[in-house]
Amino acid sequence: MAGSKVVIIRGRGVISPAGDVDSRKLAAMYERGMSLVAGDDAAPADGPGRSIKRGDRVGIKINTIGGKKISTRPEVALGLAGYLTARGIPDKNIAVWDRTNRELREAGFRLNAAANGLKIFGTDTDGAGYAPELVSHLNIGSLFSAIQTNFVTASISLAILKDHGLAGVTAGLKNYFGAIHNPNKYHDSRCDPFVAEVFDSEQVKAKHRLTILDCLIVQYHRGPSFHPQWTEKYESLVMSRDPVAADFVGWQIIEKLRSRKGLPSLAEENREPLYIRTAARMGLGNADPAEIDITEETL
């Protein structure tokens, strides 16, 4: 594959000492980060770059399984939705979504499944559910959320970056485990090759447009649940059109934080996220640092 662009935007003070999000700072992070990701591809007539068209129905797949302390914050998801609507995507054509309404509510989201306005809802919403056709792909046999199969034409994985006790790292690729009905089946062997194979399914790969890793607070050890003694206020967003390169960079962030805190590497704990390299071998993106162009800016 050609080289992959990954953007890291740091927002000094985006998280207050009390733990609140500065929405203005976050909006500036989205503005600058998306501009750098789009580059010359950001013609205004195309909306937010040619990869997402104004006529698309955009799914923002978030992660709320970890409880309020380590889930996608409403400010982060709504900030991204606001960025999209400001560039011509009608709010009725945007869905912020995850597995269940309970998890969304517990993370602080106000649900809305109405036809008009920004949609915020879980797969278990009446009228959504899982598509009835079993998807059989490589080692995967799953039902996919009807939100992903029927509503979404362009998908953004807005994922919390976390250590994971089984997979090593959970980020943008593994975020799509929340789109299938049986992710519990695919946690053996460090989730390898299953994370890559779920992403490689037509239901995901054909629709995925952008990965954004929420690194405002990073759980770098004992994840995916929240343990405050092993979190870092990192105040960053990682963005890329290459889903593998984004996760590779996220993995390196976790390794850097672990090293700084005197913890062994994930490989030393026998938890290296092998599925990231598997995804690269499958042609889904780059996991070779020599093929990843990282741009970092601080606002």
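The values are calculated or read from the model by the stated rules, or taken from the named source; none is laboratory data. From a predicted model like this one, the values you see are computed outputs, not experimental measurements. With ideal geometry, Cβ positions are generated from the backbone for all residues, glycine too; neighbour counts draw on all protein chains shown.
So which of Ser136, Ser157 is touching a residue at least 24 places away in the same chain (Cβ under 8 Å) and not basic (Lys, Arg)? Spell out the reasoning first.
Details: Ser136 fails: touching a residue at least 24 places away in the same chain (Cβ under 8 Å).
Of Ser136, Ser157, the one residue that is touching a residue at least 24 places away in the same chain (Cβ under 8 Å) and not basic (Lys, Arg) is Ser157.
Could you list, in sequence order, all residues of region 161-171 that are surrounded by 24 or more Cβ atoms within 10 Å (Cβ to Cβ) and either in contact with a Lys or Arg (Cβ under 9 Å, 6 or more places away or on another chain) or over 22 Å from Val76 (Cα atoms) (or both)?
Within region 161-171, the first condition is being surrounded by 24 or more Cβ atoms within 10 Å (Cβ to Cβ), and the residues that meet it are 161-163, 167-171.
Selection gives Asp163, Ala167, Gly168, Val169, Thr170, Ala171.
Within region 177-280, which helices (runs of 4 or more DSSP H) (wholly inside it) include 2 or more residues that are touching a strand residue (DSSP E or B) at 6+ places or on another chain (Cβ under 9 Å) and aromatic (Phe, Trp, Tyr)? Walk me through how you get there before you give the answer.
Values: elements: 194-200, 202-205, 243-260.
Where helices (runs of 4 or more DSSP H) fall fully within region 177-280 and carry at least 2 residues being touching a strand residue (DSSP E or B) at 6+ places or on another chain (Cβ under 9 Å) and aromatic (Phe, Trp, Tyr), they are 194-200, 243-260.
Between a residue in region 266-277 that is closer than 19 Å to Ala246 by Cα and any residue that is assigned to a loop (DSSP other than H, G, I, E, B) and small (Gly, Ala, Ser), which pairs come within a Cβ distance under 6 Å, given they are 6 or more apart or on different chains?
Every condition considered, the pairs that remain are Pro273/Ala167; Ile276/Ala287; Arg277/Ala287.
Find the residue count for region 197-219, including only residues that are more than 18 Å from Trp251 (Cα to Cα), charged (D, E, K, R) and surrounded by 24 or more Cβ atoms within 10 Å (Cβ to Cβ). Give the steps one after another, and end with the answer.
Restricting attention to region 197-219, the residues satisfying the condition of being more than 18 Å from Trp251 (Cα to Cα) are 197-198, 200-209.
Then drop every residue that is not charged (D, E, K, R), which leaves 197, 200, 202, 205, 207, 209.
Filter once more, keeping what is surrounded by 24 or more Cβ atoms within 10 Å (Cβ to Cβ): none.
Matching residues across region 197-219 total 0.
Please enumerate the residues belonging to region 179-196 that are buried (at least 20 other Cβ atoms within 10 Å of the Cβ) and either under 17 Å from the mean Cα position of the chain (by Cα) or of a type outside the set (Asp, Glu) (or both).
Result: Ala179, Ile180, Tyr186, Arg190, Cys191, Pro193, Phe194, Val195, Ala196.
May I ask you to verify whether Tyr176 is touching a residue at least 24 places away in the same chain (Cβ under 8 Å), crowded, with 24+ Cβ neighbours inside 10 Å, aromatic (Phe, Trp, Tyr) and within 29 Å of Leu118 (Cβ to Cβ)?
On the way: touching a residue at least 24 places away in the same chain (Cβ under 8 Å): yes; crowded, with 24+ Cβ neighbours inside 10 Å: yes; aromatic (Phe, Trp, Tyr): yes; within 29 Å of Leu118 (Cβ to Cβ): yes.
Against the criterion (touching a residue at least 24 places away in the same chain (Cβ under 8 Å), crowded, with 24+ Cβ neighbours inside 10 Å, aromatic (Phe, Trp, Tyr) and within 29 Å of Leu118 (Cβ to Cβ)), Tyr176 qualifies.
Residues Phe121, Phe109: which one is of a type in the set (A, V, I, L, M, F, W, C) and not in a loop (DSSP other than H, G, I, E, B)?
Working: Phe109 fails: not in a loop (DSSP other than H, G, I, E, B).
Within the list Phe121, Phe109, the selection yields Phe121.
Identify, from the list Gly67, Gly129, Gly88, Gly108, the residue that is touching an Asp or Glu at 6+ places or on another chain (Cβ under 8 Å) and not polar (S, T, N, Q). Working first, answer last.
Working: Gly129 fails: touching an Asp or Glu at 6+ places or on another chain (Cβ under 8 Å); Gly88 fails: touching an Asp or Glu at 6+ places or on another chain (Cβ under 8 Å); Gly108 fails: touching an Asp or Glu at 6+ places or on another chain (Cβ under 8 Å).
Checking each option against the conditions leaves just Gly67.
Could you please let me know if Arg222 is at pLDDT below 95, in contact with a helix residue (DSSP H, G or I) (Cβ under 8 Å, 6 or more places away or on another chain) and surrounded by fewer than 24 Cβ atoms within 10 Å (Cβ to Cβ)? Let's see the steps before the verdict.
Working: at pLDDT below 95: yes; in contact with a helix residue (DSSP H, G or I) (Cβ under 8 Å, 6 or more places away or on another chain): yes; surrounded by fewer than 24 Cβ atoms within 10 Å (Cβ to Cβ): yes.
The answer is yes for Arg222.
For region 139-156, which positions are under 17 Å from Ile94 (Cβ atoms) and part of a strand (DSSP E or B)?
Residues satisfying the conditions are Ser145, Ala154, Ser155, Ile156.
Asp41 passes all but one of (1) modelled with pLDDT under 95; (2) more than 20 Å from the chain's Cα centre (by Cα); (3) farther than 23 Å from Leu299 by Cβ; (4) not small (Gly, Ala, Ser); which number fails?
The one condition Asp41 does not meet is (3).
Hey, can you tell me all the residues within region 113-148 that are among the hydroxyl-bearing types (Ser, Thr, Tyr) and surrounded by 12 or more Cβ atoms within 10 Å (Cβ to Cβ)? So that I can check it myself, show each step before the final result.
Of the residues in region 113-148, the ones among the hydroxyl-bearing types (Ser, Thr, Tyr) are 123, 125, 130, 136, 142, 145.
Selection gives Thr123, Thr125, Tyr130, Ser142, Ser145.
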